[in-house]
Amino acid sequence: MSASKKALSGNHERGVRANPVEGCPLTAAFAAIGGKWKLIIIYWLAESPKHFAALRKAMPGISQKVLTQQLRELMNDGIVNREPKGAVPAPVVYSLSEYGQRVLPLLEDVRMWGRGHLAHLAE
């Protein structure tokens, strides 16, 4: 099996992503939860643990490849847990870790700001 196939199936080593600006907490935060999809994934997992297919259904614009990559990065940062449920190939359930739950107040603030921003754009 190729290394890329192993990585996609979840058989990968946990790596620490380098902070783009060493010692900067803002770039560390953006690396962990920034981008188009990560906060949306966290939002849906805050509601309840979900299978991969349920996440795809909740976010119809995300490809399987991108969802896999984003979940892997969130797992590597300790924000999301991945739990196989049964024998291989097992259905897998993703959930927020205890550490990941610490992002929820920030997520709510971003959501509320977004609501105000939409209203501002509509003026």
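Among the numbered criteria (1) exposed (fewer than 11 other Cβ atoms within 10 Å of the Cβ); (2) assigned to a loop (DSSP other than H, G, I, E, B), which single criterion is violated by M112?
(2)
Considering only the range 20-29, I want to know if a residue exists there that is at pLDDT below 95, among the hydrophobic types (A, V, I, L, M, F, W, C), in a loop (DSSP other than H, G, I, E, B) and over 14 Å from the mean Cα position of the chain (by Cα). Talk me through it step by step, then tell me what you get.
Residues of the range 20-29 that are at pLDDT below 95, as a first pass: 20-29.
Going one step further and asking which of them are among the hydrophobic types (A, V, I, L, M, F, W, C), we end up with 21, 24, 26, 28-29.
Narrowing the set further to residues that are in a loop (DSSP other than H, G, I, E, B) leaves 21, 24.
Adding the requirement that they be over 14 Å from the mean Cα position of the chain (by Cα) leaves 21, 24.
Yes, the conditions are met somewhere in the range 20-29.
Scan the range 77-96 for residues that are under 11 Å from the mean Cα position of the chain (by Cα) and of a type in the set (A, V, I, L, M, F, W, C) and report the count.
3
From the list Y94, Y99, which residue is in contact with a helix residue (DSSP H, G or I) (Cβ under 7 Å, 6 or more places away or on another chain) and either more than 27 Å from L26 (Cβ to Cβ) or not basic (K, R) (or both)? Let's see the steps before the verdict.
On the way: Y99 fails: in contact with a helix residue (DSSP H, G or I) (Cβ under 7 Å, 6 or more places away or on another chain).
Answer to the selection: Y94.
So which pairs qualify, if the first residue must be in the range 46-74 and within 18 Å of V103 (Cβ to Cβ), the second must be among the small types (G, A, S) and assigned to a strand (DSSP E or B), the Cβ gap must be under 6 Å, and the two must be at least 6 apart or on different chains?
P49/S95
Matching residues to (1) modelled with pLDDT under 90; (2) of a type in the set (A, V, I, L, M); (3) under 18 Å from E108 (Cα atoms):
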site	(1), (2), (3)
K5	yes, no, no
A32	no, yes, yes
W44	no, no, yes
K50	no, no, no
S63	no, no, no
T68	no, no, no
G78	no, no, no
Y94	no, no, no
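Scan the range 69-90 residue by residue and report those that are hydrophobic (A, V, I, L, M, F, W, C) and either in contact with a strand residue (DSSP E or B) (Cβ under 8 Å, 6 or more places away or on another chain) or assigned to a helix (DSSP H, G or I) (or both). Don't jump to the end; show me each part of the working.
Taking the range 69-90 first, the residues hydrophobic (A, V, I, L, M, F, W, C) are 71, 74-75, 79-80, 87-88, 90.
Selection gives L71, L74, M75, I79, V80, A90.
Considering only the range 84-109, state which residues are β-branched (V, I, T) and surrounded by 12 or more Cβ atoms within 10 Å (Cβ to Cβ).
Initial filter on the range 84-109 (β-branched (V, I, T)): 88, 92-93, 103.
Scanning the range 84-109 gives V92, V93, V103.
The values are calculated or read from the model by the stated rules, or taken from the named source; none is laboratory data. Given the structure is predicted, the values throughout are model-derived calculations rather than measurements. Counting neighbours? That spans all protein chains shown, and the Cβs are built from the backbone with ideal geometry, glycine included.
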